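S.K.: Below is the structure I would like to discuss, written out as C-alpha cells.
The values are calculated or read from the model by the stated rules, or taken from the named source; none is laboratory data. Every value quoted in this text rests on a predicted model; they were computed, and no experiment measured them. Quick reminder, even Gly has a Cβ in these numbers, built from the backbone with ideal geometry, and neighbours come from all protein chains shown.
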Amino acid sequence: MPPFPERVFSGVQPTGNLHLGNYLGAIKKFVALQQTHECLYCVVDMHAITVPLPPADLKHNIREVTAAFIAAGIDPQKHIVFNQSQVAEHAELAWVFNCVARMGWLNRMTQFKDKAGKNSENVSVGLFAYPALMAADILVYRATHVPVGEDQKQHLELSRDIAQKFNNDFAASIAANGHGDAFFPLPEPLIQGPATRVMSLRDGSKKMSKSDASDYSRLNLSDDADAIAQKIRKAKTDPEPLPSEVAGLAGRPEADNLVGIYAALKGETKERVLAQFGGQNFSGFKAALVDVAVATLDPIGTEMKRLMRDPGHLEGVLNQGAARARAIAAPVMSAVKDILGFVR
Ligand code: AQP
C-alpha cells in the first residue's frame, strides 16, 4: 500500500442537544489535531435524516453544530468546516460502497440494532446503510485518521473493511489507472483518553446521548453555569467514598464516569485524579467537577449563542468549506468512476 498523506476527517450529526460526550469524545480532539494535521470537520446532515427530523429543527441544528465547532476552537480558515449535503460526492461514493459492503457486515452493526430496537422492519433503509455512507464520508477525502468516540469503533472497522475490499476487488483496474496497489487508505480510528465513552449522569450503564429523554442525563454544550452545576449535583453516585486507585472503580460505573469526565476536562489521568480525591466523599469531588466543567463549557456555550445570532456568517463558513471539500472529493470520485469502468 502506498504511503497516503495524513489527513483527518470526522463528523457530528446535527440531531440536537450536543453534549459533553460529543465534546470530550470528538470535538476536543478535533481542536487538538489542527496543530498537526490537515483536517476536515463535517456536519453530517445526511446522516441526520436517517431518523425523522423536522426541517426547521435540522436547519437550526446544522447551524448549531457549526457554531459549536467554531466556539470550541476549530479554525474554519485554516481547516475545512462544511456540511455533508453540499458535497454530492459523499452520496455518490456511498452508493458505490453499498455495492461493495456485504449485507452480513451491516447486519452485525450494534448501533443499528440499538437504534432500530424492536422496530427494525419499520426504520429507514438509510439507517441500515448509515455505515456505508460514513465510510464514503471518510474515504472520499482518502482520510487516514478519524477521531471518534468509542461508540463509532465498529463503524470505523467497517470503513476499513470496505476500503480493503474495494482495493482487492478492483486491484487490476486500480493499477491500470495508475494508482499503484491500493486506491483507498485503511483509516485509523483515534480513540484515546479517559472519556472515550462518556456515560449518562443518571445511569452509568448508558451512553450520554442526544436522544436521551432526560435532560439531566447530559451536560449540553448550550447549558449555562447554573444548569451545569445543578446537573452535576444531581448526578447519580453510590454511597462509598472515592477509591484511591483506578482498580477501585470496577463495578462503580457512576463513580468511574465522573472521575473520567474530571480527568478528561483537566487533561489528566484517572490515576492522578484519584491520587488527589481518593478517600473523599462525592460532595467535595462534585464541587470540584462543577468548577472545571463550568470553566470549560460555559465559554463554549456563550460563544455558541453569540455565533447563532448571525446565521449568515455560519452559512458563509459552510459554503466556503463545501467549495474547498468539493475540490478534494471531485477528483477522487472521478478516479473511482474510472476504476469501476463507468464511461464519462
Ligand atoms: N457519550 C459519548 N462519549 C464519547 N463520545 C461520544 N460521541 C457521541 N456520544 C458520545 C461521539 O461524538 C461524535 C459525534 O456523534 P454523532 O452526533 O455523530 O452521533 P452519536 O454517536 O449517535 O451521538 P449521540 O449523542 O449518542 O446521539 P444519539 O442520541 O442520536 O445516538 C462521534 O465521534 C461519537 O463517537
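S.K.: Using the structure shown, decide if Gly73 is within 12 Å of the ligand (Cβ to nearest atom) and not charged (D, E, K, R).
M.R.: So Gly73 does not fit the description; no.
S.K.: Whether any residue in the range 254-261 is out of contact with any His (no Cβ under 6 Å at 6 or more places or on another chain) and surrounded by fewer than 19 Cβ atoms within 10 Å (Cβ to Cβ) is what I want to check.
M.R.: Narrowing the range 254-261 to residues out of contact with any His (no Cβ under 6 Å at 6 or more places or on another chain): 254-261.
Checking the rest, the ones that are also surrounded by fewer than 19 Cβ atoms within 10 Å (Cβ to Cβ) come to none.
No, the range 254-261 contains no residue that is out of contact with any His (no Cβ under 6 Å at 6 or more places or on another chain) and surrounded by fewer than 19 Cβ atoms within 10 Å (Cβ to Cβ).
S.K.: Right, here's the next one. Specify the residue that is farthest from the ligand (Cβ to nearest atom); the eligible residues are those in the range 212-232 that are outside any loop (DSSP other than H, G, I, E, B) and acidic (Asp, Glu).
M.R.: Among them, the one singled out is Asp226.
S.K.: What pairs come out if I take residues in the range 265-283 that are within 17 Å of Ala247 (Cα to Cα) and touching a residue at least 24 places away in the same chain (Cβ under 8 Å) and pair them with residues that are polar (S, T, N, Q) and surrounded by fewer than 16 Cβ atoms within 10 Å (Cβ to Cβ) whose C-beta lies under 8 Å away, six or more apart or interchain?
M.R.: Sorted first by the residue in the range 265-283, then by its partner, the pairs are Leu274/Ser244; Ala275/Ser244; Gly278/Ser244; Gly279/Ser244.
S.K.: Return yes or no: is Ala91 modelled with pLDDT of 95 or more, away from the ligand (no atom under 12 Å from the Cβ), surrounded by fewer than 18 Cβ atoms within 10 Å (Cβ to Cβ) and among the small types (Gly, Ala, Ser)?
M.R.: yes
S.K.: Also, I was wondering about something else. Quick test of your reading of the structure: Thr66 fulfils all but one of (1) among the polar types (S, T, N, Q); (2) within 13 Å of the ligand (Cβ to nearest atom); (3) touching a helix residue (DSSP H, G or I) at 6+ places or on another chain (Cβ under 6 Å). Name the failing condition by number.
M.R.: (2)
S.K.: Take the residues of the range 18-33 that are more than 6 Å from the ligand (Cβ to nearest atom) and closer than 11 Å to Val65 by Cβ: which is surrounded by the most Cβ atoms within 10 Å (Cβ to Cβ)?
M.R.: Leu18
S.K.: Taking the range 34-47 on its own, how many of its residues are touching a Gly at 6+ places or on another chain (Cβ under 9 Å), free of Cβ contacts under 8 Å to residues at least 60 places away in the same chain and buried (at least 21 other Cβ atoms within 10 Å of the Cβ)?
M.R.: 1
S.K.: With respect to Leu297, determine if the residue is within 20 Å of Gly73 (Cβ to Cβ), in contact with a helix residue (DSSP H, G or I) (Cβ under 7 Å, 6 or more places away or on another chain) and surrounded by 19 or more Cβ atoms within 10 Å (Cβ to Cβ).
M.R.: yes
S.K.: While we're here: What number of residues within the range 66-88 are out of contact with any strand residue (DSSP E or B) (no Cβ under 8 Å at 6 or more places or on another chain), surrounded by fewer than 24 Cβ atoms within 10 Å (Cβ to Cβ) and at negative phi?
M.R.: 9
S.K.: Next question, about the same structure. Since Asn98 meets every condition but one in (1) more than 11 Å from the ligand (Cβ to nearest atom); (2) not in a helix (DSSP H, G or I), which condition does it not meet?
M.R.: For Asn98, the failing item is (2).
S.K.: Here is a further query. Hey, among Glu240, Glu245, Glu271, Glu254, which residue is modelled with pLDDT of 95 or more and closer than 26 Å to Asn17 by Cβ?
M.R.: Answer to the check: Glu254.
S.K.: A follow-up question, please. Check off (1) more than 26 Å from Val336 (Cα to Cα); (2) part of a loop (DSSP other than H, G, I, E, B); (3) in contact (Cβ under 8 Å) with a residue 12 or more places away in the chain for Pro52 and give me the number that stays unchecked.
M.R.: The single condition Pro52 does not satisfy is (3).
S.K.: When the range 187-211 is examined, which residues are found to be near the ligand (Cβ under 9 Å from one of its atoms), hydrophobic (A, V, I, L, M, F, W, C) and buried (at least 22 other Cβ atoms within 10 Å of the Cβ)?
M.R.: Of everything in the range 187-211, those that are near the ligand (Cβ under 9 Å from one of its atoms), hydrophobic (A, V, I, L, M, F, W, C) and buried (at least 22 other Cβ atoms within 10 Å of the Cβ) turn out to be Ala195, Val198, Met199, Met208.
S.K.: Something else about it: Find the residue count for the range 69-91, including only residues that are within 17 Å of the chain's Cα centre (by Cα), of a type in the set (A, V, I, L, M) and assigned to a helix (DSSP H, G or I).
M.R.: The number of residues fulfilling the criteria is 3.
S.K.: Suppose we filter Arg102, Arg63, Arg108 for residues that are surrounded by 22 or more Cβ atoms within 10 Å (Cβ to Cβ), modelled with pLDDT of 95 or more and either in contact with a strand residue (DSSP E or B) (Cβ under 9 Å, 6 or more places away or on another chain) or among the charged types (D, E, K, R) (or both); which single one remains?
M.R.: Being surrounded by 22 or more Cβ atoms within 10 Å (Cβ to Cβ), modelled with pLDDT of 95 or more and either in contact with a strand residue (DSSP E or B) (Cβ under 9 Å, 6 or more places away or on another chain) or among the charged types (D, E, K, R) (or both) holds for just one of Arg102, Arg63, Arg108, which is Arg63.
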